[in-house]
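Novice: Got a structure here, written out as structure tokens. Questions coming.
The values are calculated or read from the model by the stated rules, or taken from the named source; none is laboratory data. Owing to the predicted nature of the structure, the values given are computational and were not obtained by experimental measurement. Here the Cβ positions follow ideal geometry from the backbone for every residue, glycine too, while neighbour counts run over all protein chains shown.
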Amino acid sequence: MDRENLYAPGWSHVLSSSNDLEELDRLRVRVGAPPQALHARDGHPHLDLKLVPRGLALKDPEVMVFESTKAMLRFWHRCGP
């Protein structure tokens, strides 16, 4: 998860290191994000979070938080999805 999306202030992206749609959906439910926060297009599932769900995800001990989108993507690419 990036701390804040570079191009959309107030929003964060959440990726799964293994592109696991179910893992992302469980997090979505856990933080109270609406179903439309989960995107599964083009084989790159992710969550777009803002407001309370974003704040809860940032505090979730199971979520790795990166200071920048670039750092998050660099890590994600090393995971090999």
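Novice: Could you check segment 21-38 and list, in sequence order, the residues that are among the acidic types (Asp, Glu) and surrounded by 14 or more Cβ atoms within 10 Å (Cβ to Cβ)?
Specialist: Answer for segment 21-38, where residues must be among the acidic types (Asp, Glu) and surrounded by 14 or more Cβ atoms within 10 Å (Cβ to Cβ): 23, 25.
Novice: Does residue 10 meet the test of being surrounded by fewer than 18 Cβ atoms within 10 Å (Cβ to Cβ) and in contact with a strand residue (DSSP E or B) (Cβ under 6 Å, 6 or more places away or on another chain)?
Specialist: yes
Novice: Now, a different point. Give me the pairs, please: first residue somewhere in segment 61-78 and more than 7 Å from residue 2 (Cα to Cα), second residue anywhere and not basic (Lys, Arg), beta-carbon distance under 6 Å, and either six or more positions apart or on two chains.
Specialist: 63/1; 63/57; 76/15
So that you can scan it fast, the table gives a plain yes or no per residue for (1) under 12 Å from the mean Cα position of the chain (by Cα); (2) of a type outside the set (Phe, Trp, Tyr); (3) over 16 Å from residue 8 (Cβ atoms); (4) at pLDDT 95 or above:
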{"position": "28", "(1), (2), (3), (4)": "yes, yes, yes, yes"}
{"position": "31", "(1), (2), (3), (4)": "yes, yes, yes, yes"}
{"position": "37", "(1), (2), (3), (4)": "yes, yes, no, yes"}
{"position": "42", "(1), (2), (3), (4)": "no, yes, yes, no"}
{"position": "49", "(1), (2), (3), (4)": "yes, yes, no, yes"}
{"position": "53", "(1), (2), (3), (4)": "yes, yes, no, yes"}
{"position": "58", "(1), (2), (3), (4)": "yes, yes, no, yes"}
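Novice: What's the number of the condition residue 62 fails, among (1) exposed (fewer than 11 other Cβ atoms within 10 Å of the Cβ); (2) touching a Phe, Trp or Tyr at 6+ places or on another chain (Cβ under 8 Å)?
Specialist: (2) is the only condition that residue 62 fails.
Novice: Still on this structure, please answer the following. Restricting to segment 39-59, name every residue that is of a type in the set (Gly, Ala, Ser) and surrounded by 12 or more Cβ atoms within 10 Å (Cβ to Cβ).
Specialist: 40, 55, 57, listed by residue number.
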